[in-house]
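The values are calculated or read from the model by the stated rules, or taken from the named source; none is laboratory data. Note that the structure is predicted; figures quoted are calculated from it, not measured. Neighbour counts are summed over all protein chains in view; Cβ atoms, including those assigned to glycine, are modelled from backbone coordinates with ideal geometry.
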Amino acid sequence: MMKSCYCSVVLTACACVAALGCTVSPALEDEVTDNTSRPIIASTSNRWKDPQNIPVCFVNGDGTSTNEEYIRDLITSEYAKTGLCFTGWTRCSANPPCPTIRLYVGVPSDADGQWAGESYVGAVCKVPHTWTVWLRTDQLSHATVHEFGHAIGLHHEHARTDNQGECSYSSSEIMPEGGAIEYFTVYDPDSVMSYCGQDRLTQTDIEGIRAFYKTAGAVQCGGDAPVETCTYPCAQYGYTDGQCTTDTNGDNWKCEGTCLTQVASCGSGGTAPSCEQYTCGQVGFSEGECGKDQYGRYWKCDGTCLDLVASCNAGGTETPTSGPIDSQTLATWPVFEVVPGALNCRQTAYTGSVVHVFDKGTTLASQSSSSSAPRVVIDSRGKPWLRVIGEGTTRACYVSASYEYIRPVN
């Protein structure tokens with residue numbers, strides 16, 4: 001069954017229901033959701049001025065219904081990863097501040113009910129509707145994050161000119177880069193903003209939105225103001241803002257705001273090392289040292305950074321960080337681990353409905369082949385999918401078998 005599709009427009013953006021062959025109405029101009037690439041196509045002219053205070057109100061509710069609370073909690077948890085916070089979440093006043101995301105839960109009388117949702121793109125004020133976003137109540141799981149992506153200024157990922165032909169909807173929707181339309185690095189076929197992508201933010205979506213809004217990282221939304229989350233809080237280690245010292249491993253740490261950041265030196269001009277995951281100093285490794293963690297993975301200190309390697313034996317090769325996992329590993333390896341912050345698991349490969357969303361670090365047990373449910377499936381794009389059962393679940397489903405999403409562990 002084809003994934004529900006969502007359309008967005010420079011005026012409005014919409015989403016259509018699963019299994020419907022949908023097209024964008026001519027009356028709506030079609031729009032305007034680990035690696036370090038940021039695959040986002042966005043309208044820079046409609047960016048919200050304060051990314052940690054994007055106001056939301058309900059046109060036809062007060063924020064206390066089950067559906068309204070579901071939307072609020074989902075959007076808060078997903079977009080906090082990008083550094084964005086949405087505030088308010090109560091009934092709209094007669095004249096809400098402008099701009100405000102005015103959310104209608106259900107299908108408004110002036111909307112086309114064939115879609116799963118619809119949204120104006122970015123921070124807009126004067127529009128010919130009481131709403132700026134609406135969402136069908138029977139499509140909330142897969143439409144909500146996508147439509148709010150439009151609401152913060154994002155267009156369809158499959159509308160890029162470098163879409164590689166991986167999503168069939170690209171043939172009827174193309175938005176060249178230029179003017180207010182900006183591409184942020186490479187195309188991502190799994191983006192939540194693609195009709196053929198995932199239903200939650202991918203890691204590349206997260207990095208792209210951070211680049212679009214120039215946010216530093218994840219935040220904790222709620223209360224009077226967002227609270228920055230960090231691995232090493234300054235207060236926990238007795239540091240004050242601006243203080244910099246050298247630890248017992250010879251690494252330099254500086255308190256910047258509320259978080260400790262490793263820097264090259266405590267003198268002027270010091271810069272943090274650009275390690276993909278961990279620095280050697282964080283685990284006390286010296287140059288060339290290699291060891292095994294509690295998950296059975298091997299790490300080697302290469303300069304100032306820890307690199308994930310196949311083994312600590314001489315000649316060991318690094319585990320890839322991107323691209324499809326080789327067929328031999330998929331056919332034999334018993335356990336994998338989720339890499340990004342959230343990963344969809346589908347009933348069938350590629351186009352199947354999402355039956356579970358696994359968090360980062362979740363252990364996945366690969367399932368043996370059977371005549372009715374093969375262990376590995378190659379989709380229409382030639383990409384592999386692996387049948388797994390995640391820890392704490394009992395239902396098998398398929399995840400995209402690329403190193404960006406899962407990695408083999410012992």
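Of the listed requirements (1) modelled with pLDDT of 85 or more; (2) under 23 Å from the mean Cα position of the chain (by Cα); (3) part of a strand (DSSP E or B), T90 misses just one: (2). Answer with yes or no whether V133 is at pLDDT 90 or above and touching a helix residue (DSSP H, G or I) at 6+ places or on another chain (Cβ under 9 Å). When the stated conditions are applied, V133 passes them.
Looking only at segment 358-379, filter to residues that are modelled with pLDDT of 80 or more and of a type in the set (S, T, N, Q); which one of those is farthest from T204 (Cα to Cα)? That would be Q367. When segment 133-148 is filtered for residues that are of a type in the set (S, T, N, Q) and farther than 22 Å from S191 by Cβ, only T137 remains. Among residues of segment 378-402 that are more than 16 Å from C167 (Cβ to Cβ) and outside the structural domain of V354 (by TED's automatic domain parsing), none has a beta-carbon under 6 Å from a residue that is buried (at least 18 other Cβ atoms within 10 Å of the Cβ) and not polar (S, T, N, Q) at least six positions away or on a different chain.
The residues listed here are V399, V355; of these, the one that is in a strand (DSSP E or B), at pLDDT below 80 and under 23 Å from P189 (Cα atoms) is V355. Exactly one residue among V59, V105, V127 is modelled with pLDDT under 90 and among the aliphatic types (A, V, I, L, M), and that residue is V127.
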